[in-house]
Amino acid sequence: MLTHNPGFPRIGAQRQLKKACEQYWAGTISRTDLFLTAKKIREENWLLQKQAGIDLIPCNDFAFYDQVLDASLLFGAVPSRYTPVATDIKDNTEIDLYFAMARGYQQNGLDITAMEMTKWFDTNYHYIVPEFTAAQQFRLISDKLFNEFNECKRVTGTTPKPVLIGPVTYLLLGKEKQNDNGEKFDRIDLLKKLMPVYIDVLKRLEDAGAVWVQIDEPFLVTGLTEKQKEAYRYAFKEIRNKTNLKLLLATYFEGLHENTGLATGLPVCALHLDLVRAPEQIDDVLKAIPPKMSLSLGVVDGRNIWKNDYSRSLALIEKAKAVIGEDRIMLAPSCSLLHSPVDLDGETNIDAEIKNWMAFAKQKLGEVNDLKQIMAGNNELLKINKQAIESRRNSTRIHKQVVKDRVAGIKEADAKRNSEFPVRQRIQQLRFNLPLFPTTTIGSFPQTDEIRQLRAKLKKGALTQKQYEEDIEEATVSAIRVQEEIGLDVLVHGEFERNDMVEYFGEQLDGFLFTKNGWVQSYGSRCVKPPVIAGDVSRPGDMTVKWSVFAQAQTSKLMKGMLTGPVTILQWSFVRDDQPRWQTAFQIALAIRDEVVALEKAGIKVIQIDEPAIREGLPLRKADGPAYLEWAVKAFRLSASGVRDETQIHTHMCYSEFNDIMEHIAHMDADVITIETSRSQMELLEAFAKFKYPNEIGPGVYDIHSPRVPTVEEMVQLLEKAAALLPVQNLWVNPDCGLKTRRWTETIAALKNMVQAAEKAREKV
Ligand code: GLN
Ligand code: ZN
């Protein structure tokens, strides 16, 4: 049984790569220093994998920014707008062109936009979207892959397994850019042009001594058209005919489902399966697998932080062994470990009992090796693992019967407001007496350096809790005065007391824990440190009431209470793998519900429950969408439905496309929803109009992602567009999202214009 690893995190256990890249961009370290840091990380990773007993060590899983961008450079798919960069950079090197593509280039009179970025399947990783033109040419222009292969070989003394994005997935990840004459084309048709270069790459690897090559084709787990399936057959036949490498075809994030026959029919030596996400696919694959093909069993979760349940993995391995024999089995994590934090050993603050249930990337490699040892007869390892799994199953530290009982006792009525929306709307109109086009903001105001420093000082002990809170109070009061002066109708407290919209709640809820260095790459040099939901979630006490009440006491205007919704808290955390996601979501929902009720009781009349992550929780396979949306929307409704009709519930979502989920958005039944629309010129709103969205809605009129101050006229125009699409009495006026990344000057100027725009819009009605 060969063990291998689809990929290792490249940020470094202490985020060394992030720091080095940012310093290089700022011009404070040299290119040589940057390369040295990168080299050190790679070497450490490789040796660590060797020590862990991994037979096939991956190379080319390292990237300075993103592995898809690496592929674009490898294949020479560099958009023409970057041509001037090459001549602008003195002693031009690939790395500067690469960073220009990732981040844009603003220097020496050049102002070239970055390439687009989007989410990598259903993960929180973002890749750089390849851009293709109808006349696209490919050519091999980068040596990175080959250098890394040689380097890894030297460092480990083994023959590494290069990791490459598959040709079909690479094209499908990209986007067609029309040329001036508007010529339309299908990027999959570029395959004929890509394949010669792709084969060149493989041949060069072969010449360098490569034996195994991992070709990542995650699109095989998604719904494919006939043409795309044909593309797979063509591409792999070409590769087979022209090289002698051992091909390991890697699929992950889902099961192969209807593509099982396609995948097992491709001429490859081994097929990798994600048996964490889709363990049931093993049966179909074992039925379909041809006589000589090996199976790589991805049994160790590459996307979460929990210890592997060896008994469960062994059952899958035994099943495969019975059909294809030990020799044709490979063992691996389910997908690249890019999606898990690097090393649990550094987590000295986690309670020992709970830590014994966890595994980060380094530990996961050990698990792969353990499984191999157990298959070879080492029962002691299995016994130790069983004890850990057993202790997690029974620990009263994380299992709270009252919480479980409460979820089990949820009734339909709990997820329903007392009255239907039209009744609530009338009651709320009478109570609030707001003008047409009421103005508000989404919650946060600028998180200035001073505010961030307050938190840092508090952590270091340089500030007492009391001093800290006084300073936050001062910031809050001043934000309220600013909003009053601007003339906004519904105010917010500014969220100055919050570090992050999920962490802030996680820290106050039972069932969560936090890591010191559990960083995962999100994009480029940006890393996130998701909270860990370790146990049953409950709310020991009020979380936001004190701040909301304080803020409301400062003004006679309405003050919105501000909460993060259950689905977003779930989505942006490491979740439990010992119960279904919906169960965890409902536990969080009940905790948020109690907070909503507590806010109402404390006199807060308008409460916003943010759910920006609802859409990104959608499963990869369309067929699984409705079931997810049903529980996700129910979780929101549970959190929102504990209050009286006169209390106005808002929700907020950004970056959302709504067309295909409109029915579910409406079913959330928030009294007011605020969404991001300004960049799309209200296009997003059309989905709401077409659906005849019945509740109130605030389409963003101000793009908060840019420091630019929008003019009154352009916002009036956006409002007119909105008024043409939806009933005026349902419209609110607000920015696209929170203002925490903006500076005060532009924020004030933009909001003043926004209020004026609302006034003008009122006159026109
Ligand atoms: N209330 C949050 C804020 O204003 C919402 C953030 C978000 O939608 N991502 O910052
Ligand atoms: Zn937002």
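What the table shows:
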item	result
Matching residues, segment 639-688, being in a loop (DSSP other than H, G, I, E, B), more than 15 Å from ligand 1 (Cβ to nearest atom), of a type outside the set (A, V, I, L, M, F, W, C) and farther than 22 Å from VAL597 by Cα	GLU657, GLN681, GLU683
Any hit, segment 728-746, residues being away from ligand 2 (no atom under 16 Å from the Cβ), closer than 23 Å to PRO612 by Cβ and of a type in the set (Lys, Arg)	yes
Unmet requirement for THR448, which otherwise passes all of (1) within 30 Å of ALA408 (Cα to Cα); (2) within 16 Å of ligand 1 (Cβ to nearest atom); (3) surrounded by fewer than 22 Cβ atoms within 10 Å (Cβ to Cβ)	(1)
Residues (under 27 Å from the mean Cα position of the chain (by Cα) and farther than 20 Å from PRO58 by Cβ) located in segment 7-33	GLN14, ARG15, LYS18, LYS19, ALA20, CYS21, GLU22, GLN23, TYR24, TRP25, ALA26
Test: residue in segment 559-567 that is at pLDDT 95 or above, more than 16 Å from ligand 1 (Cβ to nearest atom) and among the aliphatic types (A, V, I, L, M)	no
Residues (crowded, with 18+ Cβ neighbours inside 10 Å and either more than 30 Å from the chain's Cα centre (by Cα) or acidic (Asp, Glu) (or both)) located in segment 555-576	LEU558, MET559
Identity of the residue in segment 641-681, surrounded by 23 or more Cβ atoms within 10 Å (Cβ to Cβ) and over 25 Å from the mean Cα position of the chain (by Cα), that ends up farthest from PRO710 (Cα to Cα)	THR647
Matching entry among GLN483, GLN508 (being of a type in the set (S, T, N, Q) and buried (at least 22 other Cβ atoms within 10 Å of the Cβ))	GLN483
Unique match (being more than 16 Å from ligand 2 (Cβ to nearest atom), surrounded by 21 or more Cβ atoms within 10 Å (Cβ to Cβ) and touching a residue at least 40 places away in the same chain (Cβ under 8 Å)) among ILE614, ILE607	ILE607
Checklist (1) crowded, with 16+ Cβ neighbours inside 10 Å; (2) more than 16 Å from ligand 1 (Cβ to nearest atom); (3) at pLDDT below 95; (4) among the small types (Gly, Ala, Ser) applied to ALA623, failing item	(1)
Subset of segment 592-604 (residues that are surrounded by 23 or more Cβ atoms within 10 Å (Cβ to Cβ) and either within 16 Å of ligand 2 (Cβ to nearest atom) or over 18 Å from ARG424 (Cα atoms) (or both))	ILE592, ARG593, GLU595, LEU599
Residue count for segment 142-161, restricted to those that are crowded, with 16+ Cβ neighbours inside 10 Å and under 13 Å from ASP70 (Cα atoms)	5
Wholly within segment 90-172, strands (runs of 3 or more DSSP E) carrying at least 1 residues that are of a type in the set (A, V, I, L, M, F, W, C), more than 20 Å from the chain's Cα centre (by Cα) and within 15 Å of PRO79 (Cα to Cα)	110-112
Of residues in segment 258-298 being charged (D, E, K, R) and not in a loop (DSSP other than H, G, I, E, B), the one farthest from ALA623 (Cα to Cα)	LYS287
Residue list for segment 511-529, filter: more than 21 Å from ALA63 (Cβ to Cβ) and buried (at least 19 other Cβ atoms within 10 Å of the Cβ)	GLY511, PHE512, LEU513, THR515
First in segment 713-726 and under 14 Å from GLN756 (Cβ atoms), second anywhere and not in a helix (DSSP H, G or I) and not β-branched (Val, Ile, Thr), Cβ under 8 Å, 6 or more apart	MET715/TYR702; LEU718/GLN681; LEU718/MET682; LEU718/PRO699; LEU719/PHE437; LEU719/LEU731
Residue check, GLY738 within 16 Å of ligand 1 (Cβ to nearest atom) and either touching a Pro at 6+ places or on another chain (Cβ under 7 Å) or closer than 27 Å to ARG452 by Cα (or both)	yes
Those helices (runs of 4 or more DSSP H) lying entirely in segment 345-442 with at least 3 residues hydrophobic (A, V, I, L, M, F, W, C) and under 30 Å from ARG10 (Cα atoms)	361-375, 379-394
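So that you can scan it fast, the table gives a plain yes or no per residue for (1) farther than 30 Å from MET358 by Cα; (2) more than 16 Å from ligand 2 (Cβ to nearest atom); (3) free of Cβ contacts under 8 Å to residues at least 60 places away in the same chain; (4) out of contact with any Pro (no Cβ under 7 Å at 6 or more places or on another chain):
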{"residue": "GLN465", "(1), (2), (3), (4)": "yes, yes, yes, yes"}
{"residue": "GLU469", "(1), (2), (3), (4)": "yes, yes, yes, yes"}
{"residue": "ALA479", "(1), (2), (3), (4)": "yes, yes, yes, yes"}
{"residue": "VAL482", "(1), (2), (3), (4)": "yes, yes, no, yes"}
{"residue": "VAL492", "(1), (2), (3), (4)": "yes, no, no, yes"}
{"residue": "GLU497", "(1), (2), (3), (4)": "yes, yes, yes, yes"}
{"residue": "GLY506", "(1), (2), (3), (4)": "no, yes, no, no"}
{"residue": "GLY518", "(1), (2), (3), (4)": "no, yes, no, no"}
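The values are calculated or read from the model by the stated rules, or taken from the named source; none is laboratory data. From a predicted model like this one, the values you see are computed outputs, not experimental measurements. Every residue, glycine as well, gets a Cβ built from its backbone with ideal geometry; the counts of neighbours run over all protein chains shown.
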